[in-house]
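Below you'll find the structure, written out as structure tokens, and then a few comments.
The values are calculated or read from the model by the stated rules, or taken from the named source; none is laboratory data. No experiment lies behind these values; they were computed from the predicted model shown. So basically every Cβ, Gly included, is an ideal-geometry build from the backbone, and we count neighbours across all protein chains shown. Protein only, heavy atoms only, side chains kept; ligands, DNA and RNA dropped before computing areas. Shrake-Rupley method; radii C 1.70, N 1.55, O 1.52, S 1.80 Å.
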Amino acid sequence: MVYFRSPARTAFVVFNTIFLSLTAIACIIPFIHLLAISFSGSSAVAAGRVVFWPVDFTIVSYEFAFRGGKFLPALWVSIWRVLLGVIVNLVLIVITAYPLSKNKDKVFGRNIYMMYFVVTIIINGGLIPTYIVVTKLGLLNSIWALVLPGALPIFSMIIMMNFMRGLPEEIEQAAMIDGAGVFATLFRVMLPLLTPALATVGLFSVVNHWNDWFSGLIYMQDSKNYPLQTYLHTLIINFEEVIRMAQGDTAKILAYMNVRTGRAAQLFLATIPILMVYPFIQKYFTTGLVLGSVKG
Amino acid sequence: MKSLLFTLRKQWQYHVLLIPAVVVIFIFNYIPLYGLVIAFQRYNPSMGFKSPWVGLDNFIRVFSQPNFVQTIWNTLFIAGFQIIGGIIVPVVFSLLLNEVRKVSAKRVFQTVIYLPYFLSWVILAGVMIDILSRGGIMNTFLSLFDIGPISFLGDPKTFRWTMIVSEIWKSFGFGTVIFLAALTSIDPGLYESAIVDGAKRWKQTWYITIPSIMPIIVLMTILSLGNILNAGFDQIYNLYSPIVYSTGDIIDTYVYRLGIQQAQYSVGTAVGMFKSLIAAFMISMSYYLADRFAGYRVL
């Protein structure tokens, strides 16, 4: 492209850079403020003296998170849930998308299967009937209540299906001629080729499972089974309750910590995993969306 | 018949692969559809789906509540502005970002504005409660200009605008990335010939850039219309309080409070079903329109 160099253009570039920088700042400044609060002493925070840099530096809020609070148990529930959830999601996505990526001459009833899955995007029973079904199955308080209801994300499955359709058919044909059956072709030949698509939908699953708080709230009756986000929800709604539940020498900690610093520390800790994966997500997310919109 | 058996024998592996998904979807998506019958019953947990039938009583009860109409209005109001802002803001930002020449600067902006999109509303609510409280930095900042203090989350009048602006803030980075991807696929030849014809930046933007991304703008708008009844349960549930129910209560939060918290399963299901029916219609319409006007197909 050719660019005009004119005073108006220069003025625009300057204005544009400033404007975009301000917006970018508006997107991260809340988190910097949060970080500063989490490392500050309680009286400085209460007096409103903390802006973007810690005042009366202390790590007592983090000590509370790791020792007194229920942060760590909730973190384990979340990690366990993400591992289990992502594995279940990926297995179901791959084994479902593979037959559906064939046309209907190869797989009898392919379009009927497809309708069966896609209709669920449009029509659903809603919150309460789903809740009743999960309850009747005896899944309350079980990690499976967090994993099974969303075991097959249809949108991710469609992305995978479209990706499989984009692969050269000759690879499969060659495998079949060499005597590989359907299962061997899928798991030995196709699977390595699916890595980019697996990464895309896998990251979708990681983010969904990690960020979900609502199913923990309704399906876990005992707060010690709460995943991290659900625990954070109670922390935000009712921090005093969290302090009361805490064990250990809380009196000493409470002298340095208040609701705001304690909350800030735990919120910040919970963002770290996302901060670590999201540079990768950015790349795969866009690819995923492009794949997802490819017409089948 | 014989030939069908023959085909099935030949392709049985494919069908075996589909069984787990068919079963899971049946249990967690189709059985709850059957569960909608409780909207026409007086549900009693010990009797399950065999509870006594009451016809349309639950629906009548819901519709005659004065706050129900208000709830629908709140939902449409909040979601409507979220959709409008959720299209305009990312389009403007992608155009501005597209003018940034330095690739590294562009990437930094993109990455930073994209961050809030990936955090859960629980975390963002925690952050917002801290920042927007009366003693929070937002009000401290505004006091420099002699504004406020504004009770962002505790005043029915400001609450819904706080919901609208914060949702746009959370997700505009995501939209921007999508529109930027569309912008990079515009044929540079179009700009070159425009320059030959003497078009300056404004004219180029107006006559080439915007028309080129119009299909994707139309597509995103149509698809988001399918969501007009979702004003964001996660966001509102984590941020509201009884003080702002009058303007902040949306259909989903209403169903949750009525259905799960107060254990009025039948009434909650009736509201939910009412919502699902309209939503199903809206989504089908939006998919149809998306296919018609933007050539987008799900299948």
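Taking a straight Cα-Cα cut-off under 23 Å and skipping sequence neighbours fewer than 8 places away in the same chain, the lysines within cross-link reach of A:LYS106 are A:LYS295, B:LYS2, B:LYS10. Under the convention that each Lys and Arg Cβ holds +1 and each Asp and Glu Cβ holds -1, the size of the dipole of segment B:25-114 around its Cα centre is about 320 debye. The Cβ shell under 9 Å around A:LEU146 holds other residues with a net charge of 0, Lys and Arg each +1, Asp and Glu each -1. For the pair A:PHE108 and A:LYS283, label points projected 7 Å from Cα toward Cβ lie 4.5 nm apart.
The 3J(HN,Hα) values that the Karplus relation (6.51, -1.76, 1.60; θ = phi - 60°) gives for segment B:107-123 are, in residue order, 5, 5, 4, 4, 4, 5, 6, 7, 4, x, 4, 8, 9, 6, 5, 4, 5 Hz. Gly and Pro appear as x.
Note on segment A:11-167: semi-axes of the ellipsoid equivalent to its C-alpha gyration tensor, largest first and rounded to whole Å, are 45, 27, 14.
Relative to one another, the C-alpha centroids of segment B:207-223 and segment A:1-55 are positioned 31 Å apart. Phi angles across segment A:95-111 convert, under the Karplus curve 6.51 cos²θ - 1.76 cosθ + 1.60 with θ = phi - 60°, into 3J(HN,Hα) values of 6, 7, 5, 4, x, 6, 7, 7, 8, 6, 6, 7, 10, 4, x, 3, 5 Hz, Gly and Pro given as x. If a spin label sat at a point 7 angstrom from the Cα of B:GLN261 along the line to its beta carbon, the backbone N atoms of segment B:66-98 nearer than 18 Å would be those of B:66-72, B:74-75.
Within 10 Å of the Cβ of each residue in B:204-217, the mean number of Cβ atoms contributed by other protein chains is 0.
Each of B:ALA280, B:SER224, B:TYR254 was placed along the dipole of segment B:192-299 (beta-carbon charges, centred on the mean Cα), and the one lying farthest toward the positive end is B:SER224. What does the C-alpha gyration tensor say about the overall shape of chain B? Classify as rounded when a/c is under 1.5, otherwise prolate if a/b is larger than b/c, or oblate. Here chain B falls in the oblate category.
Would you mind getting the accessible area per residue of the protein assembly as shown, heavy atoms of the protein chains only, 1.4 Å probe, in Å²? Don't skip to the answer; put the middle values down first.
Values: 27960 Å² over 595 residues.
It amounts to 47 Å² per residue over the protein assembly as shown.
Every Cα-Cα pair in segment B:1-99 was counted, and those over 19 Å apart are 74% of them.
Between A:PHE52 and B:ASP187, what FRET efficiency follows from the Cβ-Cβ distance if R0 is 45 Å, with the result rounded to 0.05? That pair, A:PHE52 with B:ASP187, gives E of 0.50.
If you plug the beta carbon distance of A:PHE66 and A:MET276 into 1/(1 + (r/R0)^6) with R0 = 25 Å, you get a FRET efficiency near 0.85. As a quick test, which of the pairs B:LYS102/B:LYS170; B:LYS106/B:LYS170; A:LYS224/A:LYS283 have an alpha carbon distance above 28 angstrom in this structure? Beyond 28 Å: A:LYS224/A:LYS283.
Applying the Karplus relation 6.51 cos²θ - 1.76 cosθ + 1.60 with θ = phi - 60° to segment A:162-170 yields 3J(HN,Hα) values of 5, 5, 4, 5, x, 6, x, 5, 4 Hz, where x marks Gly and Pro.
Interface between chains B and A: roughly 8500 Å² of accessible area buried, both sides summed (probe 1.4 Å, protein heavy atoms only).
Distances between placed amide hydrogens fall under 5 Å for B:GLN41 paired with B:VAL54, all partners being 5 or more residues away or on another chain.
Remark: spin-label model distance A:MET115-A:ALA8 equals 5.8 nm, labels positioned 7 Å along the Cα→Cβ axis. Between B:THR111 and B:LEU8, the C-beta separation translates, for a Förster distance of 45 Å, into a calculated FRET efficiency of about 0.35. Restricted to Cα atoms, segment B:110-177 shows a radius of gyration and a Dmax of 13.1, 36 angstrom.
A straight Cα-to-Cα reach below 16 Å connects A:LYS104 with the aspartates and glutamates A:GLU169, residues fewer than 8 places away in its own chain not being considered. Does anyone have the angle between helix A:127-136 and the longest principal axis of chain A? Alpha-carbon axes, 0 to 90°, nearest 10? It is inclined by approximately 80 degrees. The helix-only estimate of mean residue ellipticity at 222 nm for the protein assembly as shown, built from DSSP H runs of length n ≥ 4 each weighted as -39500 (n - 2.57), is -21500 deg cm²/dmol after division by the residue total. Taking chain A as the reference, fit the longest principal axis to its C-alpha atoms, fit the long axis of helix A:259-292 to the helix C-alpha atoms, and give the angle between the two in degrees, 0 to 90, nearest 10. Helix A:259-292 sits at roughly 20 degrees to that axis. A simple spin-label model places the labels of A:LEU140 and B:ASP197 6.8 nm from each other, with each point 7 Å out along Cα-to-Cβ.
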